[in-house]
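Worksheet for the structure shown next.
No value in this document is a laboratory result; all are computed from the given coordinates. Predicted model, so just to flag it, every value in this text is computed and none were measured. No Cβ is skipped: glycine too gets one built from the backbone with ideal geometry, and neighbour counts run over all protein chains shown.
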Amino acid sequence: MYTSVSTHRHNEPMDDAPAVGAGGGSATDRVYAGLRNDIRAGRVYPWDRLTEKTIGAHFGVSRTPVREALARLVAEGLLQRNADGVGLVLPDADTIGGLYEARLAIELQGIRRVAAGAASYDLQILDDLEQTWEQVLTDPPEIEPSLTSWDEAFHRGVLAAAGEPALVDVLGHINDRIRALRMYGYIAPEQLASSAAGHLRVIQALKNQRYDDGEEALTEHIVSTRNDSLARALHGAQAPGFARPRRLPHQDT
């Protein structure tokens, strides 16, 4: 999309972000919003290197608003500057450990507030998520890293169903920091199947008000993804970034 090494996206994200229109807001605001949406929807891959020229061509603007938009996204932790351009953030192993600890605490708090009687789950949200991931398990979409956005949508949905939007917002900021490493995991078909099974375990426990079981299933699922992310961070520790995989995202690894 933005660079010559970008991979075309075949799977529509579960909560696809709206396209940025030609009108409304400054050029900087439009580039910022459009690029942020694309990052969170999984359209920017970890091996992509974005430049002011390619982004400007995509949005039809000069380099000045692109430069300003990129500065905002870097400051917010969605992007980082590299020797060959700008790319997704690739945190080190120490940072990942703290981010996942925070993520687990926030997501478990959603279950605990319902278990304590502070809220009730929105069963329609849980039903919709269950239906979606049953379909993923029985009829998997084409494998590619952008499926990370589907996983993020699941976790946001479960937390939103617990009725506290502030927790969902915080989770979104954490996801921005760990997204790039997690996208490498979705090159593997077994990762998608494992995620789908884990998601369904969580949903079924919550729908049946087995909150202890829900906490256990959620913890197991998040710890597993944390370990995968840590392994990828340690594997890439000798280099400033990860190289693009030799196989294309839709191929088995």
Quiz item: What's the local net charge at LEU192, with K and R +1, D and E -1, over the other residues with C-beta under 11 Å away?
Solution: -4
Quiz prompt | Radius of gyration and maximum dimension Dmax of region 14-140, Cα, Å | solution = 18.8, 53
Self-check item: Inter-label distance for ALA93 and ASP169, nm, one decimal - labels placed 7 Å from Cα along Cα-to-Cβ
Solution: 3.5
Exercise. In nm, give the distance between the simple-model label positions of GLU101 and ASP128, each being 7 Å from the Cα along the Cα-to-Cβ direction.
Key: 3.5
Quiz item: Once the piece of chain linking GLU220 and ALA193 is laid out straight, how much longer is it, given 0.36 nm per residue of separation minus the C-alpha distance between them?
Solution: 8.2 nm
Exercise. Please find the FRET efficiency linking GLU142 to GLN204, where r is the Cβ-Cβ separation and R0 is fixed at 30 Å, and quote it to the nearest 0.05.
Key: 0.70
Quiz item: Using a Förster distance of 41 Å, how high is the FRET efficiency between ASP29 and ALA118, based on the Cβ-Cβ distance and rounded to 0.05?
Solution: 0.65
Quiz item: Cα centroid distance between region 91-153 and region 41-55, in Å?
Solution: 25
Quiz prompt | Dipole of region 26-122, positive direction: furthest Cα of GLN109, ALA119, GLY56, with charges on the beta-carbon | solution = GLY56
Quiz item: Under the definition of Cα pairs under 8 Å and six or more residues apart, what whole-number percent is the relative contact order of region 176-224?
Solution: 28
Practice problem: Take peptides 195-206, 132-143 and line them up by average Cβ neighbours within 10 Å, highest first, as a rough protection proxy. | Solution: 195-206, 132-143
